[in-house]
Amino acid sequence: MANERMLMKGNEALAEAAVRAGCKCYFGYPITPQTEIAAYMSKRMPKCGGVFLQAESEIAAINMVYGAAATGVRAMTSSSSPGISLKSEGISYAAGCDLPCVVVNVQRGGPGLGGIQPAQSDYYLATKAGGHGDFYIPVYAPCSVQEMADYAVKAFDMADKFRTPVMILSDGLLGQMMEPVVFPEITDNEPEKEWACTGHGNKRRHNIINSLYLKPEELEESNRERFKKYEIEKAELPEVETYLTEDAEIVVTGYGASARIVRSAVNAARAEGIKAGMIRPITLWPFPEKAYADTVETAKAYLVVELSMGQMVDDVRLATSCKRPVRFFGRTGGVIHTPAEILAQIKQIAKEELK
């Protein structure tokens, strides 16, 4: 039923939204803490005329996505941190062929096998090093179960619009938590895909999906054309939430699950008379640089909060042109910040920077 509120896990809400968005092929491999996505799709896809296939490995799964996407259907895979590393070659191939698809990363602690608890230590992997070669992919970072559903739909739409893989960067906390969700109304935004390999019936030229260029000049031209597209994406795609930043002297920034805790800490700081505010990037690539630049004149300092040893902090420094001090507070290994810990950091910055 339209507008019906449902209580669901984040992983399951994302999976259901993907189905409603027109995902016809899901290929995956179980790994904690994202296995609910695969389990949900295994039950749901056959009922809606779609294809579910548990691949023999993460590498196989991303290459199945590559093949399905080449035919023009909406295809998705999901995994958690070590599995995304294995998929990175296939993601690069899909980017090199300009294939639209959706990749979900429900992050866990690392490096190595690490642990199954929530983490945000794949920021570099998602935004800077998604695979070999010169390419970027849009990265959405939801912070609630509702946004897990909303951005699953948007990811498919933007993948088709820009002919690119799109990543949803979640984590174990968002994937496992339960909240009410209302699924967005679905409109038929899927464009005609004249480039797809669907059989030509002698009615048109062959469509060839390929990322191999034996002539260096042709590969260079292909890359240059793709980077022209990235400039359009940088202009159109950035999304950000700002909270109490109009007069904020200390701007705290976090994404995904961390942002939920940051908001509580900012409210506590305000209650104690400290002018704190929050910037929450929703797109991690393209990074919403303007939101930070707009606060530089009033802010005295910035605090970056991440469930990592510090990865987004570099992008914040660049976005503020290093005009203000940028501090970092991180927890890692699956340990989650508390509002009190972040508030203590805000107070320390106020003591040192707001003299």
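The values are calculated or read from the model by the stated rules, or taken from the named source; none is laboratory data. None of the values given here were measured: they were computed from a predicted structure. Note that we place each Cβ from the backbone using ideal geometry, even for glycine, and neighbour counts take in every protein chain shown. Only protein heavy atoms, including side chains, enter the accessible area calculation; ligands, DNA and RNA are left aside. Shrake-Rupley method; radii C 1.70, N 1.55, O 1.52, S 1.80 Å.
Towards the positive end of the charge dipole of the chain, with charges on Cβ (+1 Lys, Arg; -1 Asp, Glu), say which of I91, S321, Y213 has the farthest Cα. Most positive-ward Cα: I91. Ordering 97-107, 46-56 by mean Cβ neighbour count within 10 Å, with the highest value first, yields 97-107, 46-56. Estimated from the Cβ-Cβ distance and a Förster radius of 41 angstrom, the FRET efficiency linking A196 and I336 is about 0.40. Taking a Cβ cut-off of under 11 Å around Y151, the surrounding Lys, Arg, Asp and Glu residues balance to a net charge of -3, with basic ones at +1 and acidic ones at -1.
Legend: residue pairs K154/K234; K323/K351; K193/K228, Cα-Cα distance threshold 22 Å; every pair lies within threshold. Here the accessible area is traced with a 1.4 Å probe on the protein chains. For the chain, carbon and sulfur cover 53 percent of it. Sorting the segments 8-19, 59-70, 283-294 by their mean number of nearby beta carbons within 10 angstrom, highest to lowest, gives 8-19, 59-70, 283-294.
Its Cα centre serving as origin, the stretch 265-349 has a Cβ charge dipole (Lys and Arg +1, Asp and Glu -1) of approximately 220 debye. Computed from Cα atoms, the angle from the helix 81-96 axis to the main principal axis of the chain rounds to 60 degrees.
Calculated accessible area for the stretch 251-347 comes out at 37 Å² per residue, all protein chains present (probe 1.4 Å; ligands, DNA, RNA ignored). Identify, among G310, G67, L173, the residue whose Cα sits farthest towards the positive end of the charge dipole of the chain, taking +1 on the Cβ of Lys and Arg and -1 on the Cβ of Asp and Glu, with the dipole about the Cα centre. About the Cα centre, the residue reaching furthest to the positive side is L173.
Around E231, under 13 Å between beta carbons, what's the net of Lys plus Arg minus Asp minus Glu among the other residues? Result for the neighbourhood of E231: +2.
In the chain, the longest principal axis of the Cα atoms and the axis of helix 216-236 are about 50 degrees apart. Bridging of K87 to aspartates and glutamates at a Cα separation below 15 Å is possible for E56, E58, D122, once same-chain residues fewer than 8 apart are set aside. Rounded to the nearest 0.05, the FRET efficiency derived from the C-beta distance between K234 and R205 at R0 = 35 Å is 0.60. Evaluated with a Cβ-only charge set (Lys, Arg +1; Asp, Glu -1), the chain carries a dipole of roughly 320 debye about its Cα centre, given to the nearest 20.
Between D247 and M309, the C-beta separation translates, for a Förster distance of 30 Å, into a calculated FRET efficiency of about 0.40.
Which listed residue (Y29, N11, C48) has the Cα farthest towards the positive end of the charge dipole for the stretch 10-81, taking +1 on Lys and Arg C-beta and -1 on Asp and Glu C-beta about the Cα centre? Looking along the dipole axis, the top candidate is C48. For the listed peptides 295-303, 319-327, a ranking on the average number of other beta carbons within 10 Å per residue, highest first, reads 295-303, 319-327.
In the chain, Cα pairs under 8 Å separated by at least six residues give a relative contact order of 18 percent. Treating each Cα of the stretch 107-238 as one equal point scatterer and applying the Debye formula with no solvent, the log10 of I(q)/I(0) at q = 0.10, 0.11, 0.16, 0.18 Å⁻¹ comes out as -0.48, -0.57, -1.04, -1.17. Excluding same-chain neighbours fewer than eight residues apart, the lysines reachable from K347 by a Cα-Cα span under 16 Å are K275, K300, K355.
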